[in-house]
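Data first, discussion second: the structure below is written as structure tokens.
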Amino acid sequence: MAGLGERLNEVHAQIAAGSRTASLDLFVEAAGPVTGHVMRQVPGVTEDEAHDCALKAIVEHLENARKFDPSKSSLWTYLCMVAAADGLDAVRKRRNHARLLEKDGFNIELWGSQPNKQQEDVENKRDADRIMRLHGDSIAKTDGERRVLALMLEDERNVEPYAEALGLEGSPDVAAEVKKVKDRITLRMKKVRHEL
């Protein structure tokens, strides 16, 4: 890549001199090759991640071109080094996120032991949706139970919405019947947790 390295150093000199078109030249010349370098050097990186890392390295260089010292390395080497490090971070973050999502059991146990805990947090809502997709049929078996579970996850505390969800309005002991359904759902949550 000596030819590309020399060309990118020339583009850097143009950027440092204030050229208005040099930044476009840098994107055109470097985006593809730096993406390819990240794909080859970072195991497990996706093409989109590699491309994003290449573009980020180029943008960061354009925003702070003084940080690069052409006497120490070529711009090609510098961009590849920065993009590859970002690629490693991207792969690590993606794998950590996937591992966290696999731990549905923790979330089920949390909801099972504390069904009235505040669930307004966006992450908890996303986790709740995922748990329902994966394990909803094991936790809530009827439409009424699904509506009750949704109310539990929304931290509903009043008996009336649960009674309405179950069609129990006017029943003599609504609170006891709602409690039975909620307890049954909580037990299923714990069972699913132990099966994971």
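Laboratory data are not the source of any read-out in this text; all were calculated from the coordinates shown. The shown structure was predicted, so the numbers you read here are calculated from the model rather than taken from an experiment.
How large is the translational diffusion coefficient of segment 22-87 in µm² per second when you combine the Kirkwood radius over alpha carbon pairs with Stokes-Einstein at 10 °C and 1.306 mPa s?
Details: Rh = 11.6 Å.
After rounding, the answer is 137 µm²/s.
Show me the three semi-axes of the equivalent ellipsoid for segment 1-40, from the C-alpha gyration tensor (sqrt of 5 times each eigenvalue), largest first, rounded to whole Å. Provide the component values of the computation, followed by the final result.
Numbers: eigenvalues 81, 25, 7 Å².
In descending order the semi-axes read 20, 11, 6 Å.
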